[in-house]
Amino acid sequence: MFEVLFISLFILGYLMIALEHPLKINKAATALVMGTGLWVLYRYALTAFEPAVSSDGVVPLVESRLMETVGEIGETILLLLGAMTIVQVVDFHGGFSYVADIVTTRKKRTLLWVVASIAFVFSSVLDNMTTTIVMIMILRRIIGDRDLRLFYAGIVVISANAGGAFSPIGDVTTIMLWVNGNVTAGHLIPSLLLPSIFTILIPLIVVTPFLHGEVCPPDDTEVSAEEAALAELQHRMTSHEKLIILALGVGILLFTPVFKAVTHLPPFLAMLGGLGVLWMYTDIFYRRRRKYIKEGLMRQVSLVVQTVDIATLLFFFGILMSVKTLELTGILGSLATEMEILGLETQSFLIGAASSIVDNVPLVAASMGMYKIDPMSAQLCVDGEFWNLIAYCAGTGGSLLIIGSAAGVIMMGLEKVSFAWYLRRISPLAVLGYIAGFGILLLQSHLF
């Protein structure tokens, strides 16, 4: 009885999240209501799942598990909050425009490889959504032809998702696996680097012969007041100052996995501590430059943090809270038992394909709930084959459809791309790359 209620509520919430745009109800709101509802239901259904618990012990036990869950999820949320703020600070101060300035080639073939390579490297450090935003801004400065720019942006989506899959901080799903201890940075990077490269390499090899000549630069376009203010701020900053902020931001992001490996402390400490350092630097910078930069142009971290996408963080929180109740009630464990007949490799491949339709965060969270770390299993131990497969498939499978990843959704929003256009022009390339990378990963695991 209660199992049916849990599953029904979760499916209803999931459908509302998938239909966010036609319903015009933000997915974060749905996730929060779903998470709250499932925990309230869990409080009253606990004795049905665990008869040994007395009626007096229900509330203390639920409170204990709730606080433990909030602590686990909080590590991921705080890590993402710090990372997203750092990226915004770097972007506002022209750190990424410094990168755009060094892209000088106008040859279509060369530009495609350069743009894909930059997106791949960026997304291993930044989140895929930010990488896509930055790369689309760069493409708008370089390519005037809309159709060609959209095609390059589609390649950026594939590259950004591939680059985030092999890095412990490159995608929210790898962050989840890394923070939970399913994978380590020292094993994840070398294991998934080559498969991730093949995910974008195959599409590039396929399309390169069809590109000829040079791109035409865009005409000047109108900009918003905020864009004009940021442009003025960046104009008043020297290239050296932009480079320092870029180096600080990227350095903090790269230092975070090192901090966790050396101290064995949660990585959000390094991320938030690094944000504090960057905050101090920008405050000192503005104090010294106040004669040259008007107060209205200043973008201190205290202002930048207000622009961070808090709704996305709340969505992650609600989803992870919801999935945890399915784990505690044993529903995910029962599902794992039913799916054993498929084999872990097939399950991983299907999860990747499913992530092109539904959000990969709950898919990975469900996988982590269905299967626990098992030191006695080669596939489920720390850095086991299954966790590597999940990291790769969930990270890159979202490229198969434009709605399957944050990068694709951002492209859809910024460039007004239709689902059908992406399905026709980009999806076949994404499928080729996904299959190639999956094959390389399986080959690696069997050979080594």
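The values are calculated or read from the model by the stated rules, or taken from the named source; none is laboratory data. Everything numeric in this text was worked out from a predicted model, so none of it was measured. Here the Cβ positions follow ideal geometry from the backbone for every residue, glycine too, while neighbour counts run over all protein chains shown.
How many residues does the stretch 408-427 contain that are closer than 18 Å to residue 397 by Cβ and more than 22 Å from the chain's Cα centre (by Cα)? Step through it out loud before you land on a result.
Here is the first cut: in the stretch 408-427, the residues closer than 18 Å to residue 397 by Cβ are 408-412, 419, 422-423, 426-427.
From what's left, more than 22 Å from the chain's Cα centre (by Cα): none.
Final tally of qualifying residues: 0.
Has the stretch 48-64 got at least one residue that is under 29 Å from residue 194 (Cβ atoms) and of a type in the set (Gly, Ala, Ser)? Talk me through it step by step, then tell me what you get.
Taking the stretch 48-64 first, the residues under 29 Å from residue 194 (Cβ atoms) are none.
No, the stretch 48-64 contains no residue that is under 29 Å from residue 194 (Cβ atoms) and of a type in the set (Gly, Ala, Ser).
Hey, residue 87 hits all of (1) touching a Gly at 6+ places or on another chain (Cβ under 8 Å); (2) at pLDDT 85 or above but one; which does it fall short on?
Of (1) touching a Gly at 6+ places or on another chain (Cβ under 8 Å); (2) at pLDDT 85 or above, only one is false for residue 87: (2).
Scan the stretch 328-349 for residues that are over 23 Å from residue 396 (Cα atoms) and modelled with pLDDT of 85 or more and jot them down.
Here is the first cut: in the stretch 328-349, the ones over 23 Å from residue 396 (Cα atoms) are 328-335, 337-338, 340-341.
Residues satisfying the conditions are 328, 329.
Go through the stretch 42-66 and count every residue that is loosely packed, with under 11 Cβ neighbours inside 10 Å and either under 29 Å from the mean Cα position of the chain (by Cα) or not small (Gly, Ala, Ser) (or both).
Number of matching residues: 3.
Kindly indicate which of 188, 204, 233 is in contact with a helix residue (DSSP H, G or I) (Cβ under 9 Å, 6 or more places away or on another chain), modelled with pLDDT under 90, in a helix (DSSP H, G or I) and of a type in the set (A, V, I, L, M, F, W, C). Quick ask: steps written out before the conclusion?
Details: 188 fails: modelled with pLDDT under 90; 204 fails: modelled with pLDDT under 90.
On inspection, the qualifying residue turns out to be 233.
Contact list please: Cβ distance under 6 Å, first residue in the stretch 45-65 and closer than 17 Å to residue 2 by Cβ and of a type in the set (S, T, N, Q), second residue in a loop (DSSP other than H, G, I, E, B) and modelled with pLDDT under 90, pairs at least six apart or on different chains.
47/53
Quick check on this structure: which one of 172, 179 is under 20 Å from the mean Cα position of the chain (by Cα), within 18 Å of residue 408 (Cβ to Cβ) and modelled with pLDDT under 95? Break it down into steps so the answer makes sense when it comes.
Numbers: 179 fails: within 18 Å of residue 408 (Cβ to Cβ).
It is 172.
For the stretch 117-168, enumerate the residues that are among the β-branched types (Val, Ile, Thr) and modelled with pLDDT under 90. Explain how you work it out, then say what you get.
Initial filter on the stretch 117-168 (among the β-branched types (Val, Ile, Thr)): 118, 121, 125, 130-134, 136, 138, 142-143, 155-158.
Result: 125, 130, 131, 132, 133, 134, 136, 138, 142, 143.
Among the residues of the stretch 7-25, which ones are surrounded by fewer than 15 Cβ atoms within 10 Å (Cβ to Cβ) and in contact (Cβ under 8 Å) with a residue 24 or more places away in the chain? Show your work before the answer.
Filtering the stretch 7-25 down to residues surrounded by fewer than 15 Cβ atoms within 10 Å (Cβ to Cβ) leaves 7-8, 11-12, 15, 19, 21-25.
Answer for the stretch 7-25, where residues must be surrounded by fewer than 15 Cβ atoms within 10 Å (Cβ to Cβ) and in contact (Cβ under 8 Å) with a residue 24 or more places away in the chain: just 7.
Does residue 172 qualify as being buried (at least 22 other Cβ atoms within 10 Å of the Cβ) and at negative phi? Even if it seems obvious, please write down each step before you answer.
Details: buried (at least 22 other Cβ atoms within 10 Å of the Cβ): yes; at negative phi: yes.
Criteria met by residue 172.
Mind counting the residues in the stretch 158-185 that are hydrophobic (A, V, I, L, M, F, W, C) and part of a loop (DSSP other than H, G, I, E, B)? If you could, list the steps in order and put the result at the bottom.
Just the residues of the stretch 158-185 that are hydrophobic (A, V, I, L, M, F, W, C), to begin with: 158, 160, 162, 165-166, 169, 172, 175-179, 183, 185.
Next, only the ones that are part of a loop (DSSP other than H, G, I, E, B) stay: 166, 169, 183.
Qualifying residue count for the region: 3.
Among the numbered conditions (1) in a helix (DSSP H, G or I); (2) closer than 17 Å to residue 438 by Cα; (3) without any contact (Cβ under 8 Å) to a residue 60 or more places away in the chain, tell me where residue 194 comes up short.
Of everything listed in (1) in a helix (DSSP H, G or I); (2) closer than 17 Å to residue 438 by Cα; (3) without any contact (Cβ under 8 Å) to a residue 60 or more places away in the chain, residue 194 misses just condition (3).
Count, please, the residues in the stretch 298-327 that happen to be at pLDDT 80 or above, charged (D, E, K, R) and more than 18 Å from residue 75 (Cα to Cα).
1
All but one of (1) surrounded by fewer than 24 Cβ atoms within 10 Å (Cβ to Cβ); (2) more than 16 Å from residue 76 (Cβ to Cβ); (3) touching a Pro at 6+ places or on another chain (Cβ under 8 Å); (4) not acidic (Asp, Glu) hold for residue 185; state the number of the condition that does not hold.
(2)
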